[in-house]
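Student: Here you go, one structure.
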Amino acid sequence: MASKANKPELIVNGRRLDGRDFNQLRPIKIEANVLKNATGSAYLEWGNNKVLAAVYGPVEAQPKHMADPSKAIIKCRYSMAPFSSLSEHNRSGPNRRATEISKVTKEVFEKVLMLNEFPGSQINIFIEILQSDGGTRAAGITAASVALASSGLHMKDLVYAVSVGKIGEHLVLDLDMIEDNYSDSDMPMAISPRNGEILLLQMDGEYTKEELEGAFKMAAEAGKEIGAVQRNALKRVYENVVSKYNGE
Amino acid sequence: MGAINMVKTAYIKQLMSTNIREDGRGFNDSREIKITTGILQNAEGSAQVDIGSTRVLAGVKLDIGEPMDDTPNEGTLAMSADLLPLASADFEMGPPSPEAIELARVVDRGIRAGKCVNMESLFIEEGKAWNVFVDIYVLNYDGNLFDASEIAAMSALLNTKVPEYADGKELRDKRIKALKIDNVVTSVTVAKVADKILLDPNGDEEEAADARLTIATDGKFIRAMQKGLGGSFTQKEILDAADAALNRHNKLKQVIEKTR
Amino acid sequence: MQEIVYPGDLIADTQIRAPNVYVENGKSYSMVLGFKDSSGSGIIPFEGGWVPKIEETVIGIISSERNNVYEVDLGSHHRALIIGGKYERFSFQIGDVVEATVKDIEDGRTIILSYPNALKEGTVISIKPSKIPRLIGKNNTMINQISQGTSSKISVGMNGMVWIRDGNVALATAAILRVEEEAHVPGLTGRIKEMVEKR
């Protein structure tokens with residue numbers, strides 16, 4: 001996309017353009033249960049990303065021939081709003097990129113949700129990117145995970161996602177849009193914090209095996225912070241209601 | 001949802017003889033309307049509108065493009081709507097439904113016929129003009145998407161800032177002036193249920209409705225109308241709805257302008 | 001308020017069998033968002049779908065009929081059937097609201113219903129099944145209070161559907177939806193009492 005010819009200096013005096021350290025996340029905020037009709041939902045702001053995730057189900061599988069008599073199936077839609085990017089207006093509807101992200105996101109939750117409890121049914125996961133600034137698939141998965149927990153569906157873990165990229169010789173956590181456009185490598189991951197297993201892994205660029213190990217370590221550290229934000233969002237849903245009436 | 005709608009429809013029709021609606025409102029009462037503007041930063045303008053538990057988000061993008069051949073000194077305006085599957089169990093994934101296309105076109109007609117956006121102000125230079133895209137995102141459905149979308153689109157346009165233009169390019173991070181808005185259009189939607197006319201129908205009432213009517217107005221003129229669903233209206237019912245739309249306009253306009 | 005348990009939280013270093021707990025590699029973890037049951041070792045979830053149990057009461061809507069077998073929409077992904085026989089003939093119409101008892105559950109998703117009883121007129125609302133116990137209340141206190149305060153007849157299905165008729169149905173509906181919304185907030189009974197007795 002971006003031409004490498006006018007590549008900006010992404011690291012100045014050992015810091016990134018927005019002032020972050022190499023292993024520093026952008027600020028993350030999550031609010032759970034924001035949509036009335038959904039079984040579970042979450043709104044997330046991750047840097048300048050703004051994401052809405054919702055879960056419906058289990059519902060009867062549609063079309064019926066898609067139903068699996070042994071377990072529930074997942075349908076996932078990741079989509080970017082036409083007004084989501086700072087650059088030009090986008091056509092709405094899924095393109096090839098969104099279709100791929102929808103697929104790998106679905107595969108993240110196939111391992112996490114206890115699908116055999118609802119044979120013949122379907123669980124819908126919707127991720128809408130309202131505003132994008134790099135790392136939207138990680139933001140979407142992190143939000144969807146909170147939406148799933150708030151839906152009450154049985155799941156093995158509160159999954160999070162984050163990306164580790166490479167700028168020059170440096171591993172850097174959580175690339176924003178400019179970094180993503182001009183960096184040398186990027187590797188989004190979704191991780192089960194309970195056991196560190198990796199549920200989504202994509203990568204392009206160049207990593208040595210040592211750098212790969214370093215990236216895993218960095219992602220695991222970030223997971224502690226992201227997980228705390230996810231948990232707090234869920235906690236607040238119940239505490240908020242409590243305080244609303246203590247004041248009266 | 002399916003079968004539960006049958007029961008609710010029967011109940012809502014039965015209620016019509018009591019002059020009280022499912023949620024306790026009178027026939028001419030609207031639900032509370034809440035507007036929040038400027039919630040998106042990448043969009044040049046944005047607004048979120050809640051009517052009861054219906055929630056609609058509108059985003060405005062401005063791109064440099066070409067004027068239309070027949071209006072070489074004006075910019076362009078395009079409106080689209082998405083009934084997102086996360087807004088209701090009844091909305092499906094896939095290409096835009098006829099309902100979504102109708103919604104976008106009705107909102108578009110009101111704002112276009114009302115000459116709300118000053119199209120000449122969008123002209124940049126010979127062969128170049130701003131293309132304005134308004135995208136309506138339905139986030140939660142509980143009836144009356146038409147009024148919610150009209151208000152959201154209008155509020156988002158009022159919230160829009162035009163980027164600076166220099167050396168043939170737009171500077172997205174320099175938004176220098178407000179989009180020039182000449183007129184404010186609002187709409188009122190009614191539904192006909194068992195021969196009674198209900199203002200601001202909720203989701204169950206729309207499900208039970210035989211016909212639906214949206215009237216967009218700027219207070220002086222009626223700017224757009226759309227009758228929907230299989231039933232019909234009498235001429236008097238339409239004139240009464242026009243009255244309601246004209247009478248409510250100033251109040252709605254105040255709410256919109258207060259939040260720009 | 002008790003401490004919240006999240007999906008994936010370690011519950012025991014050993015293998016335990018308890019509600020909403022799963023075992024992996026000899027350790028036990030929570031599979032829901034909820035809190036620890038003080039009287040047992042399981043987790044009580046904050047939210048959750050309906051898991052049918054034999055002999056419980058459900059409310060549904062007749063959605064189709066063939067050869068005296070009625071399919072009932074319970075608002076869940078289950079397939080629920082009322083099966084008439086030679087000596088047991090029913091005459092439900094599509095769209096009728098019925099209250100029935102779960103007689104049997106086959107292959108995890110087909111439910112056989114018995115003792116169906118049509119609930120005439122009125123309306124049905126659907127709330128989260130996990131909030132139904134709160135709506136009923138201890139010894140039916142909550143539901144009786146709403147029913148008396150609004151002079152409405154109310155029937156509650158464990159699947160989340162609630163049938164309401166007569167009296168101030170709009171107020172009864174609002175009260176039930178408020179119970180759903182504030183199920184975990186202390187002092188709910190008092191607030192609902194105030195709500196339905198105010199008018």
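Where a number appears in this text, it was derived from the coordinates with a stated rule and is not lab data. Keep in mind that what you see is a predicted model, and the values were worked out from it rather than measured. All Cβ positions, glycine included, derive from the backbone under ideal geometry; neighbour counts span all protein chains shown.
Student: What pairs in B:K115/B:K253; A:K106/B:K34; A:K64/B:K13 have C-alpha atoms more than 24 Å from each other?
Tutor: From the list (B:K115/B:K253; A:K106/B:K34; A:K64/B:K13), the Cα-Cα distance tops 24 Å for A:K106/B:K34; A:K64/B:K13.
Student: Karplus couplings for the stretch A:17-23 from phi (6.51 cos²θ - 1.76 cosθ + 1.60, θ = phi - 60°), rounded to Hz, Gly and Pro as x?
Tutor: 4, 8, x, 6, 6, 4, 9
Student: Tally Lys/Arg at +1 and Asp/Glu at -1 over every other residue whose Cβ is under 12 Å from the Cβ of B:A100; what's the total?
Tutor: Net local charge, B:A100 excluded: -4.
Student: When the helix-only estimate is applied to chain C (DSSP H runs of n ≥ 4, each -39,500 (n - 2.57), divided by the residue count), what is the mean residue ellipticity at 222 nm, nearest 500 deg cm²/dmol?
Tutor: -5500 deg cm²/dmol
Student: What relative contact order, as a whole-number percentage, does the stretch B:23-258 give when Cα pairs under 8 Å and 6 or more residues apart are counted?
Tutor: For the stretch B:23-258, the relative contact order is 21 percent.
Student: Taking amide hydrogens as modeled 1.01 Å from N in the peptide plane, which residues meet the under 5 Å criterion relative to B:L77, leaving out close sequence neighbours?
Tutor: Here B:V132 satisfy the definition.
Student: Tell me which residues come under 5 Å, amide H to amide H, from C:E65 once H is placed; ignore anything under 5 positions away on its chain.
Tutor: Distant-sequence amide H within range of C:E65: C:E71.
Student: Rank-order A:57-68, A:221-232, A:108-119 by packing density, defined as the average count of other C-beta atoms within 10 Å over each peptide's residues, highest first.
Tutor: The densest-packed peptide leads the list: A:108-119, A:221-232, A:57-68.
Student: Taking the Cα centre of the stretch B:33-77 as origin, sum charge times position over the Cβ atoms of Lys and Arg (+1) and Asp and Glu (-1), and report the length of that vector in debye to the nearest 20.
Tutor: 500 debye
Student: Hey, what angle do you get for helix B:145-158 against the long axis of chain B, alpha-carbon based, 0 to 90 degrees rounded to 10?
Tutor: 20 degrees
Student: Count the net charge of all other residues whose Cβ sits under 14 Å from the Cβ of A:S102, scoring Lys and Arg as +1 and Asp and Glu as -1.
Tutor: Local net charge: +3.
Student: Separate question: Could you work out the helix-only [θ] at 222 nm for chain A, with each DSSP H run of four or more residues adding -39,500 (n - 2.57) and the total divided by the number of residues, to the nearest 500 deg cm²/dmol?
Tutor: Helix contribution divided over all residues of chain A: -10500 deg cm²/dmol.
Student: Once you have a ≥ b ≥ c as the square roots of the Cα gyration tensor eigenvalues for the stretch C:1-102, tell me rounded if a/c is under 1.5, and otherwise prolate or oblate according to whether a/b is larger than b/c.
Tutor: Here the stretch C:1-102 falls in the prolate category.
Student: Right, next: In terms of the Cα gyration tensor, with a ≥ b ≥ c the square roots of its eigenvalues, is the stretch B:153-260 rounded because a/c is under 1.5, prolate because a/b exceeds b/c, or oblate?
Tutor: prolate
Student: Taking amide H atoms as placed 1.01 Å from N in the peptide plane, list the residues 5 or more away in sequence, or in a different chain, whose amide H sits under 5 Å from that of C:D9.
Tutor: The answer is C:S30.
Student: Output ³J(HN,Hα) for the stretch B:62-75: one whole-Hz value per residue in order, computed from phi by the Karplus curve 6.51 cos²θ - 1.76 cosθ + 1.60 with θ = phi - 60°, and x for Gly and Pro.
Tutor: Taking θ as phi minus 60°, the curve returns 10, 10, 7, x, 9, x, 6, 4, 7, 10, x, 10, 9, x Hz for the stretch B:62-75.
Student: So for each of A:97-104, B:241-248 I average, over its residues, the number of other beta carbons within 10 Å; can you give me the resulting order with the highest mean first?
Tutor: Final packing ranking: B:241-248, A:97-104.
Student: Rounded, prolate or oblate: which fits the protein assembly as shown when a ≥ b ≥ c are the square roots of the eigenvalues of the alpha-carbon gyration tensor, with rounded for a/c under 1.5 and prolate only if a/b beats b/c?
Tutor: Since a/c reaches 1.5 but b/c is at least a/b, the shape of the protein assembly as shown is classed as oblate.
Student: Another question, then. Enumerate the calculated ³J(HN,Hα) couplings along the stretch C:147-152 in order (Karplus 6.51 cos²θ - 1.76 cosθ + 1.60, θ = phi - 60°), each rounded to whole Hz, writing x wherever the residue is Gly or Pro.
Tutor: Computed from phi, the couplings for the stretch C:147-152 are 4, 5, x, 10, 6, 9 Hz.
Student: Only Cα pairs under 8 Å and at least 6 apart count here; give the relative contact order of the stretch A:1-149 as a rounded whole percent.
Tutor: For the stretch A:1-149, the relative contact order is 31 percent.
Student: How tilted is helix A:209-246 with respect to the longest principal axis of chain A? Cα atoms for both, answer in degrees (0 to 90, nearest 10).
Tutor: For A:209-246 against chain A, the angle is about 50 degrees.
Student: Another question about this same structure. With the cut-off at 33 Å, report for chain B the share of all Cα pairs above it, as a whole percent.
Tutor: Roughly 22 percent, rounded to a whole number.
Student: Would you kindly give the portion of the calculated P(r) for the stretch A:19-246 that falls above 28 Å, as a percent of all Cα pairs?
Tutor: 29 percent
Student: Also, I was wondering about something else. Within 11 Å, Cβ to Cβ, of B:D23, how many net charges do the neighbouring residues add up to if Lys/Arg are +1 and Asp/Glu are -1?
Tutor: That sum, taken over residues with Cβ under 11 Å, equals -3.
Student: Could you grab the relative contact order for chain C? Cα pairs under 8 Å, six or more apart, rounded to a whole percent.
Tutor: 15 percent.
Student: For the Cα atoms of chain A, what angle does the longest principal axis make with the long axis of helix A:136-151, in degrees from 0 to 90, nearest 10?
Tutor: Between the helix axis and the principal axis of chain A, the angle is about 20 degrees.
Student: Moving to a separate point now. Considering only DSSP states other than H, G, I, E and B, which GluC sites (Glu not before Pro) in the stretch A:121-197 qualify as loop sites with at most 16 other Cβ atoms within 10 Å?
Tutor: Of the GluC sites (Glu not before Pro), the ones in loops of the stretch A:121-197 whose Cβ has at most 16 other Cβ atoms within 10 Å are A:E169.
Student: Using a 10 Å cut-off around each Cβ of peptide B:133-142, what is the average number of partner chain Cβ atoms that fall inside?
Tutor: Whole-number average of other-chain Cβ neighbours for B:133-142 is 5.
Student: Turning to a different aspect of this structure: If you restrict to DSSP beta bridges whose two residues both lie in chain B, what percentage is antiparallel, to the nearest 5?
Tutor: Of those bridges, close to 85 percent are antiparallel.
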